[in-house]
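Working notes, beginning with the structure itself.
The values are calculated or read from the model by the stated rules, or taken from the named source; none is laboratory data. The structure presented is a predicted model; accordingly, all values stated were derived computationally and were not measured. Note that we place each Cβ from the backbone using ideal geometry, even for glycine, and neighbour counts take in every protein chain shown.
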Amino acid sequence: MKSKYFRKWTAVILAGIMITTGLAACGNSGDGTTDASSTVNTGSSEDTGAADAGTAGDDKPDTWIADRKIVVQAYVDDIGYSMPDNVSNTLVMQELKRRTGIELDIRYTPGDDDASVMASQLASGTVPDAIISYLDDSTRPEFPLIIKAAREEMFADLSPYIADTKVYSKYLDEGYLKNETYTKIFMRDEFDGAVYLMSLAVDRVDRSQEWIPESEYVGGMYIQKAIADDLGIDPSSINTQEQLYDLLVAIKEGGYKDANGNDVYPLGPKYWGGSVDSMGFILRGYDWVSSYGGYNMTADGEILHEVETDYAMEKVMYVRKLLAEGLINPEFFTMDGTRAEEVSRTRNSAIMADVHNYQDIVFETGEWVPLGPLNDFLGNNASIVTGKSTHGVWAVSADAENPEEILAFFDYIATTEGQLLTNYGIEGVNYTMENGYPILTDETLEHLDNGDEDYLVDTVGASFGNSGFILWSFLHTDVDSLNDFGESRPGSSLSDTFANAIKIAENNPREKRLLEGLKATAYLTASELASVKVQMDLLNYQDTLVQAMYASSEAQAQQILDSFKAQLDAAGLADFKEYLYQLYEEDPKSLAFEWE
Amino acid sequence: MRKAMKKYWVLYLMLVPCIIYYILICYVPMGGIVLAFKDYSFKKGIWGSPWVGLQYFKMFFTSYDSQRLIRNTLSVGLIKCVLEFPFAIILALMLNELRSAKFKKITQTITYLPHFLSSVIIITMLQRILAPNTGVLNQIIGAMGGNPGTFFLMESKYFFQILFSMDLWRNIGWDSIIYLAAISGVDTALYEAADMDGCSKLKKMWHITLPSIRGTIGLLFIMGVGGLLSSGFEQIFLLRTPGNMNFADTLDTFVVRVGLQGGQFGYATAIGLIQGVVGLVLVIICNRISKKITEVSLW
């Protein structure tokens with residue numbers, strides 16, 4: 001009898017617990033922001049005691065804005081990866097709070113990719129006080145989502161407040177922002193003077209065509225120095241597709257071995273993992289579209305997609321030849337990051353398709369030297385630049401209280417004073433001022449050289465270039481580090497760590513040339529091309545090229561390219577071209593076209 | 001009914017969480033289906049967004065890719081629902097015949113384990129096993145005098161074979177559990193009678209075990225047919241390479257590309273709706289046929 005009652009009441013209690021748990025799980029935290037369970041939350045002042053670092057008292061500094069917290073959602077993986085354990089506890093955040101009264105609650109939600117996370121969160125209709133995203137130009141996958149949100153007025157119009165800011169007011173000056181940034185992102189015609197999107201990382205002075213070794217990333221192909229020396233070649237003299245092929249053959253015939261005693265592959269994948277974008281380096285001579293937008297114009301004024309030209313098949317045949325002769329790692333396009341790093345570190349690749357001078361394998365070992373770069377289809381060796389760059393964007397939620405305070409906070413971070421604090425840390429602790437420029441203290445320099453994240457990220461929480469908490473350097477704009485701080489990044493004039501990286505840039509100066517206008521595909525966001533965009537977004541030209549490269553025969557490769565052409569036609573290629581012709585007629589500089 | 005409820009009120013109480021679960025997780029979200037007929041606005045939400053009628057369905061069925069996507073999805077669905085179906089039954093029959101309890105348990109554990117591995121781990125292993133020149137399979141081929149340079153994952157002709165092998169290896173043990181449970185419920189007197197009649201093991205399997213679990217097999221098959229037009233996202237997405245994308249692009253990967261990556265929520269919902277409706281129709285048809293022929297049915 002006892003046992004029967006025990007069973008009965010146990011069942012009742014269990015059922016009760018299940019119902020309560022179920023209902024609790026369905027509850028809402030009520031803050032109207034991102035789900036905390038799936039979000040990296042950096043904590044708040046309540047649990048850190050940082051709130052009293054800068055309470056609003058009578059002795060407010062001149063930089064005081066408001067005593068409040070701003071919740072920011074970042075769709076930038078670099079920020080997520082470098083997030084301090086608790087932002088509020090960092091010296092920089094505490095000092096910012098003291099100076100401005102504002103505390104930042106920065107959140108990052110990991111996902112397949114940042115654009116997908118953004119799509120999900122925007123679709124849920126809730127935006128925290130502000131968002132930050134990558135956005136170098138309007139071809140980024142985030143752009144259609146951000147524009148859609150702006151069109152639906154999910155963001156606050158900041159135009160009434162911009163003129164009162166110290167830094168962002170410069171965006172209103174003619175020529176400060178490059179034309180496409182101004183007309184496509186900052187001040188879009190369709191918004192009738194409203195400003196929803198604020199570009200980030202804009203250089204104060206356009207130095208895009210200058211070669212500045214202190215700040216240059218020398219990317220592209222790198223060859224093992226020992227192999228280059230043994231073959232007696234000057235790696236910078238390899239400039240054509242034929243020269244590259246001959247070099248690969250010479251490497252194969254040289255019978256070089258890797259660290260494990262295996263034959264090396266003359267051409268290996270990029271250091272960070274196989275990818276189709278390596279084609280930009282190994283096939284530059286066959287790349288008809290220097291702006292990598294897929295479309296270009298012939299000398300006769302005809303707009304074509306690259307697949308409609310011979311260049312597509314030339315690319316395919318070149319790689320097919322390399323594959324057939326064992327000159328390229330067969331997993332060149334698909335190898336995962338871990339293995340790609342392994343084949344690079346064991347020197348299984350004589351040439352890495354893509355790496356740069358700030359990767360430790362390059363600047364620490366001295367075993368790799370830049371190769372090429374190859375000339376483009378015009379026979380030009382110069383790298384293409386598009387003018388003043390911009391790498392990110394931020395926007396304020398339409399529901400945020402006092403958006404002018406949020407703008408003022410972002411503006412303060414962008415001032416020279418704000419950049420100094422957020423990039424160099426605390427004066428007297430992390431740097432001292434000498435001759436008007438900050439000089440890192442020995443202790444901080446040592447932490448920087450050792451890559452001590454506990455100190456750089458969790459304790460100080462400054463950017464230190466890109467070696468600390470990247471959020472701050474991402475939020476900088478009106479950047480002129482050489483002029484303001486006497487060096488391109490904190491410690492670059494003193495640190496031994498990156499001395500070799502800078503030396504590589506000094507020894508391998510590269511020409512740059514300006515190509516004005518936007519990639520053709522940037523215009524697919526035009527509202528009249530909405531249905532074309534939906535179809536064209538599903539097509540992947542680079543993947544198609546790789547598919548053709550691995551086809552069982554040349555005929556099948558051609559068939560794959562023809563099929564892609566047919567898909568383009570079906571997606572509305574004719575309508576798109578018509579739109580591009582109109583654009584070109586109105587303003588030839590609106591499109592990044594160039595021809596022989 | 002009231003009397004029964006009063007008598008078994010504890011059992012009914014225990015049922016409440018399940019009912020709440022199904023209402024909240026399965027039925028309430030079904031309202032989102034209306035997105036398939038709306039131009040989704042972030043701000044206005046599902047109910048406030050403007051209607052666009054059948055625009056997305058028209059867009060899909062007139063698109064260049066629709067036939068290929070449906071063909072690929074059906075192929076993957078057939079592999080998973082039909083081709084793989086008998087293997088779990090065969091494994092269950094074989095396990096049932098094992099006399100050593102220890103060996104049986106070890107075998108069961110080994111066959112169940114892959115089910116608990118994530119697709120990412122399985123496909124990473126697969127990439128290593130099938131890698132050209134350095135992969136185990138290619139090294140075996142090379143040791144036997146063949147060409148060790150075959151890049152299996154980049155050749156579309158191997159895609160379905162790889163998918164079939166991988167999925168079977170992963171699920172066969174797990175899927176066999178339910179059949180083993182059904183087999184354990186077969187009346188042992190039937191086997192004893194068969195033994196007395198001199199039946200061989202194969203005959204007992206054919207004439208006793210299989211007919212006894214016919215109902216379970218039928219139910220699982222009918223339910224499996226509903227998934228014919230869903231290929232599962234993870235495996236296909238992770239197995240995709242530029243070389244095999246002709247086959248490795250299905251409605252499920254399409255939905256993710258269009259919906260999550262492209263922000264076309266209405267379009268993605270429409271494709272999802274097509275999959276759901278086709279699945280439901282297939283289950284109904286299959287159920288009717290089964291009821292007529294074998295008297296086994298879901299309802």
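Brief remarks follow.
- Odd one out for A:TYR523 among (1) in contact (Cβ under 8 Å) with a residue 24 or more places away in the chain; (2) part of a helix (DSSP H, G or I); (3) touching a helix residue (DSSP H, G or I) at 6+ places or on another chain (Cβ under 7 Å); (4) within 14 Å of chain B (Cβ to nearest Cβ): (4)
- Condition check for A:LYS503: within 30 Å of A:TRP288 (Cβ to Cβ) and not in a loop (DSSP other than H, G, I, E, B): no
- Residues that are part of a helix (DSSP H, G or I) and over 22 Å from the mean Cα position of the chain (by Cα) within the stretch B:83-99 comprise B:MET94, B:LEU95, B:ASN96, B:GLU97, listed in sequence order.
- Criterion violated by A:PRO490 - all others in (1) surrounded by fewer than 23 Cβ atoms within 10 Å (Cβ to Cβ); (2) in contact with a strand residue (DSSP E or B) (Cβ under 7 Å, 6 or more places away or on another chain) satisfied: (1)
- Test: residue in the stretch A:206-216 that is modelled with pLDDT of 95 or more and surrounded by fewer than 13 Cβ atoms within 10 Å (Cβ to Cβ): no
- For the stretch B:186-215, residues that are assigned to a helix (DSSP H, G or I) and β-branched (Val, Ile, Thr) total 3.
- Some residue of the stretch B:129-138 being exposed (fewer than 15 other Cβ atoms within 10 Å of the Cβ) and more than 30 Å from A:ILE328 (Cα to Cα): no
- Qualifying residue in the stretch B:284-299 (condition: part of a loop (DSSP other than H, G, I, E, B), in contact with a Leu (Cβ under 9 Å, 6 or more places away or on another chain) and loosely packed, with under 15 Cβ neighbours inside 10 Å): yes
- Boolean, A:ASP562 is acidic (Asp, Glu), more than 10 Å from chain B (Cβ to nearest Cβ) and assigned to a helix (DSSP H, G or I): yes
- Subset of the stretch A:231-274 [of a type in the set (Lys, Arg) and crowded, with 16+ Cβ neighbours inside 10 Å]: A:LYS252, A:LYS270
- Qualifying position, being touching a strand residue (DSSP E or B) at 6+ places or on another chain (Cβ under 9 Å), part of a strand (DSSP E or B) and in contact (Cβ under 8 Å) with a residue 24 or more places away in the chain, among A:ILE406, A:ILE361, A:ILE351: A:ILE351
- Meets criteria (in contact with a Pro (Cβ under 8 Å, 6 or more places away or on another chain), of a type outside the set (D, E, K, R) and surrounded by fewer than 22 Cβ atoms within 10 Å (Cβ to Cβ)) for A:ASN508: yes
- Qualifying residue in the stretch A:468-479 (condition: in a loop (DSSP other than H, G, I, E, B) and of a type in the set (Gly, Ala, Ser)): yes
- When the stretch B:247-265 is limited to residues that are in a loop (DSSP other than H, G, I, E, B) and at the interface with chain A (Cβ under 7 Å from one of its Cβ atoms), the one that is modelled with the lowest pLDDT turns out to be B:GLY262.
- If you go through the stretch B:135-148 and keep only what is within 15 Å of B:ILE162 (Cα to Cα) and either within 12 Å of chain A (Cβ to nearest Cβ) or touching a Cys at 6+ places or on another chain (Cβ under 8 Å) (or both), you end up with B:GLY135, B:ASN138.
- Checking each residue in the stretch B:137-176 for being in contact (Cβ under 8 Å) with a residue 12 or more places away in the chain, polar (S, T, N, Q) and part of a helix (DSSP H, G or I) picks out B:ASN138, B:SER156, B:ASN171, B:SER176.
- Residue count for the stretch A:534-557 satisfying the condition of being more than 7 Å from chain B (Cβ to nearest Cβ), among the polar types (S, T, N, Q) and either over 13 Å from B:THR241 (Cβ atoms) or in contact (Cβ under 8 Å) with a residue 40 or more places away in the chain (or both): 5.
- The one condition in (1) in a helix (DSSP H, G or I); (2) away from chain B (no Cβ under 14 Å); (3) more than 17 Å from A:GLU210 (Cβ to Cβ) that A:GLY491 fails to fulfil: (1)
- Note on the stretch B:34-56: residues that are at the interface with chain A (Cβ under 9 Å from one of its Cβ atoms), buried (at least 17 other Cβ atoms within 10 Å of the Cβ) and assigned to a loop (DSSP other than H, G, I, E, B) amount to 2.
- Selection count, the stretch B:211-253, where residues are closer than 30 Å to B:ASN96 by Cα and touching a residue at least 24 places away in the same chain (Cβ under 8 Å): 17
- Test: A:GLU516 is of a type in the set (Asp, Glu), within 30 Å of A:ALA408 (Cα to Cα), modelled with pLDDT under 95 and assigned to a loop (DSSP other than H, G, I, E, B): no
- Once the stretch A:287-336 is narrowed to residues that are without any contact (Cβ under 8 Å) to a residue 40 or more places away in the chain and within 14 Å of chain B (Cβ to nearest Cβ), the residue that is surrounded by the fewest Cβ atoms within 10 Å (Cβ to Cβ) is A:ALA324.
- Sole exception among (1) within 12 Å of another protein chain (Cβ to nearest Cβ); (2) farther than 30 Å from A:SER563 by Cα; (3) touching a Ser or Thr at 6+ places or on another chain (Cβ under 6 Å) for B:PHE60, by number: (2)
- Test: A:ALA156 is of a type in the set (A, V, I, L, M), more than 10 Å from chain B (Cβ to nearest Cβ) and at negative phi: yes
- Enumeration of residues in the stretch B:116-134 that are part of a loop (DSSP other than H, G, I, E, B) and either among the acidic types (Asp, Glu) or within 10 Å of chain A (Cβ to nearest Cβ) (or both): B:ALA131, B:PRO132, B:ASN133, B:THR134
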